[in-house]
Structures are given as structure tokens and as C-alpha cells.
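Here the structure is laid out as C-alpha cells; the discussion comes afterwards.
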Amino acid sequence: MRQSSLLHSSNTMQRGLHVAIIMDGNGRWAAARGLPRTAGHRVGAEAVRRTIQGAIASGITTLTLYAFSTDNWKRPVAEVNELMRLFRLHLLKEARQCTKQGIRLTIIGRRDRLPSAVRMAMEAAEALTRRGDKLHLRIAIDYSAREAILQTIGKITAPLSREEFSALLNSDTPVSEVDLLIRTSGEQRLSDFLLWESAYAELYFTKVLWPDFGQQDLLVALNAYHARDRRFGSIQAAEAA
Ligand code: FPP
């Protein structure tokens, strides 16, 4: 087994899992019920709460949720406004509960284009929860992996190793690589989410629409993950022998 694979597997055991989720299907969930898309986002926020509880119960140590991509600005203004309203509301509402449960909340993505009320709620939630050591919950808002990579390239002043680049990419709050990336709603693409950090992530696609996603769905995904054989480019120790 190569040194890099040893590092990967032993680190995973020590630090617990990093699970990332592309929460997709809110619009279709609403359309199927004759409701406006925004109703899907509101119910989707409840699925976020369930998933966080499921993550804590199953020992996940980092959970990154894709809430708003840089390309989501192309949506109708009313939908964008409702999403911003939901982000602010839940950040304000949940931050205290997060501290009680040992959840550290951080936001990834650009902040300069967000309404100031959302930015203030983010900063307050990050400050309040900064000591959380049970689960690192990262919400991606106005996020693009390619933009994040380009920004990081702009900071490079000397040749870097992959590990050094990873550290620079997430220099605000260090984070491990993604172990399991889940996408709901049946779509099978990465949509500019955590492209560098997911280099060796196991991908799991489910047809469940995000507002219906619950703790049981998370467990099914985790079981599928644990049944996978992660070799990081190497071969089985037994085969090598
Ligand atoms: C994708 O479904 C979902 C989003 C772009 C928004 C995700 C937001 C939430 C789950 C709401 C609250 C979040 C937090 C963190 C409080 P889609 O609208 O693309 O669905 P579709 O593909 O069926 O149209």
C-alpha cells in the first residue's frame, strides 16, 4: 500500500467522516404537489435539520451542504430572495441550538454579493458556534468550486504540494477531504461542488427528492459507503502480498 493510501485510511478512522450533500429536487417536490418552488425550499430546510441530527447520531464529523451555487443567481429574483430569507431565518434560529449540540457552523463561498442581513447572521452564527467540536457543519452559499480554486491559485507564491494547496484552499477553517458525496433527486453530476476536495470521494446518487430526505436515507447512503472498497489508486493489501 502506498504511503498516501495509508495516510488516507488512517486519517479517515481518526477523524470520522466528511460527508457532502448536493441537496437537489426542492422544485420538483413542490411542482408534484402543485406548489410554488419556494414551498419546496421551505420544506427542504426541515430536511436540513433532520440530516444534521442524523449526522450527529451516526458519527459524521464534517457535513458540507450545498445550499446556493454561484450559478443559482440566474434564478428568478423572488426565488433567490426567498432562499436568502430562509438562510437568514435558520441561521438566526438554529445557532443557539448548534452550540448546545457541539456543532460548529461555518459558511463557505463568496460573501460580498449577499444581502448584508444574511452576512450578519452568518457572522453571528459562526462566532457563537466557534467552539463546537462534535460536528463541523459547513453551508455552501454563493459557492463555486472552480472560483474557490482560482482564488487560491491567485495566492500562490511558490510551488505547492497537493497537501499545501488543500490547506490554502480551506485556510479559513481547515477541513479534511470529502469521503462521501451524496446527491439527491436522481441527477448525477457535481455541479461545481467541492471539486478539489472530492478527488477520492465515493459518489452516491439517490432518487429521493431533498424535502423527503431523512435520517434513514442518510443511513442507507452510509451503509453503501461502508460497503465500498476505497483504494486511493492502490491495490488490496492481500493482492499486493
Ligand atoms: C436545489 O433544488 C436546492 C436549492 C438550490 C436550495 C437548497 C436550499 C434549501 C434546502 C433550503 C434551506 C437551506 C438552509 C441551509 C437553511 P432545486 O431548486 O434545484 O430543485 P429542482 O432541481 O427540482 O428544480
Legend entry - First in region 47-75 and surrounded by fewer than 16 Cβ atoms within 10 Å (Cβ to Cβ), second anywhere and assigned to a strand (DSSP E or B), Cβ under 8 Å, 6 or more apart: GLY59/LEU17; TRP73/ASP142
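Tally up the residues in region 1-19 that are outside any loop (DSSP other than H, G, I, E, B) and either modelled with pLDDT under 95 or open to solvent by 40 Å² or more (accessible area, probe 1.4 Å) (or both), please.
Step one: of region 1-19, the residues outside any loop (DSSP other than H, G, I, E, B) are 3-15, 17-19.
Checking which are either modelled with pLDDT under 95 or open to solvent by 40 Å² or more (accessible area, probe 1.4 Å) (or both) leaves us with 3-15.
Selection size over region 1-19: 13.
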Inset, instruction - For region 150-162, enumerate the residues that are surrounded by 10 or more Cβ atoms within 10 Å (Cβ to Cβ) and either free of Cβ contacts under 8 Å to residues at least 12 places away in the same chain or hydroxyl-bearing (Ser, Thr, Tyr) (or both). - result: LEU150, GLN151, THR152, ILE153, LEU160, ARG162
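Does LEU195 fit the bill of being in contact (Cβ under 8 Å) with a residue 40 or more places away in the chain and within 13 Å of the chain's Cα centre (by Cα)? Spell out the reasoning first.
Details: in contact (Cβ under 8 Å) with a residue 40 or more places away in the chain: yes; within 13 Å of the chain's Cα centre (by Cα): yes.
When the stated conditions are applied, LEU195 passes them.
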Inset, instruction - State which residue is farthest from LEU63 (Cα to Cα) when the search covers only region 86-113 and only residues that are more than 10 Å from the ligand (Cβ to nearest atom) and among the basic types (Lys, Arg). - result: ARG113
Inset, instruction - Search region 25-46 for residues being open to solvent by less than 30 Å² (accessible area, probe 1.4 Å) and farther than 17 Å from MET84 by Cα, and hand back the single one that is nearest to the ligand (Cβ to nearest atom). - result: GLY25
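The values are calculated or read from the model by the stated rules, or taken from the named source; none is laboratory data. Computed from a prediction, not measured in an experiment: that's the story for all the values here. All Cβ positions, even for glycine, are placed from backbone atoms using ideal geometry, and neighbour counts span all protein chains on display. To get the accessible areas, we keep the full protein, side chains included, count just its heavy atoms, and leave off ligands, DNA and RNA. Shrake-Rupley method; radii C 1.70, N 1.55, O 1.52, S 1.80 Å.
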